[in-house]
Amino acid sequence: MTRGSGRRPRGGPIVDRWALLAIPLIAFLVAFFLVPLIVVSLRSVADFPKPTGDIFSNYGRFFASAANLRVLANTFWVAALSTVVCLALGYPYAYLMNIVRPRVAGLLLIAVLLPFWSSLLVRTYAWQVILRDTGIINTFLLDWGLITEPIPLIRTTLGVMLGMSQVLLPFMVLPIYAVMRRIDPEYTKAAANLGAPPFAAFRRVFLPLSLPGVLAGSLLVFVLALGFYITPALLGSPKDTMISQFIANAVQQRLDWGIGATMAVILMGLTLVVLFVASRFIRLRDVFGSLEES
Amino acid sequence: MTDSWRQPRRLLLLALGALTVFFLMAPTLVVVPMSVTASNALTFPPEGFSTRWYEKMLTDPQWSSGFVNSAQVAFLTAVLATVLGTLAALGTVRGRFPGKSAVNALVLSPLIVPVIIIAIGMFSLFVRWKISGSIAGLVLAHTALAVPFVVINVATSLRTIDRNLELAAMNLGADPVRTFRRVTLPLILPGVLAGGLFAFITSWDEVVVSIFLTTARFRTLPVEMWEQVRQVVDPTVAAVATTLLAVTTSLLLLVLVVRRQAPAR
């Protein structure tokens, strides 16, 4: 290597030596990440309980069943509900982080990041302990004589929603906060100076400026919610099955790889469609960028 | 800011914020006192104080081997992900090559592809390659999931350092390798360490892929917990959950310390 090879050459070769450093990881991810995904797609068109002439027979079989379609609809419903709950809690939280003193904002950030990085299984287990029939809430209510028999909290959509929203909330708060932090406070001050009442200044000036964060956060929460497995499996009822549980059951219990792989391809497709549609309105890089800053 | 009209609205916001912190933290924190209960059932508040569930966890071969397996897998994952991720961050931040955005998308995609799809794909392939149910298979799988965090952290550090320092070293006669070792690496070290710690945590807490790639003879702690949580639960599971949390939280605090050493951003 010659002296100064670290400097970026102008109009030099298309591939420079620095680029070579990325090769090991690219090769690794192709072999251990991309190839597995390709194998799943292939199995959806090549793995049949009994051979038929039609390579799309798994897809035909899949869409012919109303139960399978219910799983899809239920997944969308739960993902949408979780997004709404996260937005309702996350927006005011990010707003609060934005107006308090930096030290308090730092503490609020830690309160978001600690659960963000702690085991999803542990948190779902905690919800189980709280929500089940002999759990904290029901025991408390029974002891105080407020109810005579346990109210169903676990194995309900409400239980899944609580568990999922708690796990997903950081993905809503972080992008919104990242956008709010960049809004110049002079704008709202200017609105106030021009006579706008405080709430109008918020609604007409601050809220529209924070919308990119809202979109990014909602997108992230919705997409991640589509793929949830652990939380619905432990907190939901069998009739609330979500896509990931369906895939795991097909592969592990029914040993029907074809239908499991077909559902996996559909989930992958849904994820890509949501990301693609969203990419028309927001820059996806900003979505992940806001996570990078955290 | 002190106008009286603003107070009720502000109080409402504060109350909502406090409620959200409670919603975020309380469920997890409930597990900690329950792990030291003296009773056989998970009651809250816990009755008495006892470390017997921790003793049971440490003496039960299922749990203790799970602990050892998890620690080994997470350590090896952290090492592999840190090496691959740091090199790739250098390559993508400093290098020029066509298709860079595609490479960036590939590196970040393990964060967004639903993990169940990754799990069944790896399972299908690793069984054929005969590395399913082995420590090697699990380390390879976890590395793919953890490496984005290393790339993100190292790339962020790389973008913030002053390249004139490297140029100065080279003008003073240091060759590129020496410049990297003596100047670049120390400057990006906080990012590298933070990335490595995040990779460790990712592996330590990972359940879904691990469920598919482990067997009854080789299980990690979260997989053992997943198996037990659905059957009868005694407070041992709470002790295991607290152990998982304690490790994650200490590593996270370590990240904060490491980042504080970083040059001003």
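The values are calculated or read from the model by the stated rules, or taken from the named source; none is laboratory data. None of these values were measured; they are calculated from a predicted model. We place every Cβ from the backbone using ideal geometry, glycine too, and count neighbours over all the protein chains shown. The accessibility values were calculated without ligands, DNA or RNA, using every heavy atom of the protein model including side chains. Shrake-Rupley method; radii C 1.70, N 1.55, O 1.52, S 1.80 Å.
For the reader, a short list of remarks on this structure follows.
- Considering (1) more than 9 Å from chain A (Cβ to nearest Cβ); (2) in contact (Cβ under 8 Å) with a residue 60 or more places away in the chain; (3) assigned to a helix (DSSP H, G or I), the lone condition that residue B:118 does not fulfil carries the number (1).
- Yes/no for residue B:131 being within 9 Å of chain A (Cβ to nearest Cβ) and under 30 Å from residue A:269 (Cα atoms): no
- Taken together, the residues in segment B:109-123 that are crowded, with 19+ Cβ neighbours inside 10 Å and touching a Pro at 6+ places or on another chain (Cβ under 7 Å) amount to 4.
- Residues in segment A:218-269 that are part of a helix (DSSP H, G or I), open to solvent by 10 Å² or more (accessible area, probe 1.4 Å) and among the hydrophobic types (A, V, I, L, M, F, W, C): A:219, A:222, A:224, A:233, A:246, A:257, A:265, A:266, A:268.
- When segment A:86-117 is filtered for residues that are open to solvent by 10 Å² or more (accessible area, probe 1.4 Å) and hydroxyl-bearing (Ser, Thr, Tyr), the ones remaining, listed by number, are A:91, A:95.
- Helices (runs of 4 or more DSSP H) within segment A:57-156 that include 2 or more residues β-branched (Val, Ile, Thr) and within 14 Å of chain B (Cβ to nearest Cβ): A:66-99, A:102-116, A:120-131, A:136-143
- Test: residue in segment B:35-47 that is charged (D, E, K, R) and open to solvent by 80 Å² or more (accessible area, probe 1.4 Å): yes
- Contacts under 7 angstrom Cβ, first residue in segment A:238-257 being under 18 Å from residue A:48 (Cβ atoms), partner in a loop (DSSP other than H, G, I, E, B), 6 or more apart: A:250/A:256; A:256/A:49; A:257/A:47
- Each residue in segment A:130-149 was checked for being within 23 Å of residue B:32 (Cα to Cα), out of contact with any helix residue (DSSP H, G or I) (no Cβ under 9 Å at 6 or more places or on another chain) and without any contact (Cβ under 8 Å) to a residue 12 or more places away in the chain, and 4 of them qualify.
- Within segment B:2-45, considering residues that are in contact with a helix residue (DSSP H, G or I) (Cβ under 9 Å, 6 or more places away or on another chain) and modelled with pLDDT under 80, the one farthest from residue A:134 (Cα to Cα): B:3
- Flag for residue B:237 being among the aliphatic types (A, V, I, L, M), without any contact (Cβ under 8 Å) to a residue 60 or more places away in the chain and surrounded by 24 or more Cβ atoms within 10 Å (Cβ to Cβ): yes
- Number of the exception - residue B:71 against (1) within 13 Å of chain A (Cβ to nearest Cβ); (2) crowded, with 16+ Cβ neighbours inside 10 Å; (3) at pLDDT 90 or above: (1)
- Complete set of residues in segment B:9-44 that are assigned to a loop (DSSP other than H, G, I, E, B) and more than 9 Å from chain A (Cβ to nearest Cβ): B:35, B:36, B:37, B:38, B:39, B:40
- Of residues in segment B:85-104 being farther than 14 Å from residue A:27 by Cα and more than 7 Å from every other protein chain (Cβ to nearest Cβ), the one most open to solvent (accessible area, probe 1.4 Å): B:101
- Condition check for residue B:225: open to solvent by less than 10 Å² (accessible area, probe 1.4 Å) and hydrophobic (A, V, I, L, M, F, W, C): yes
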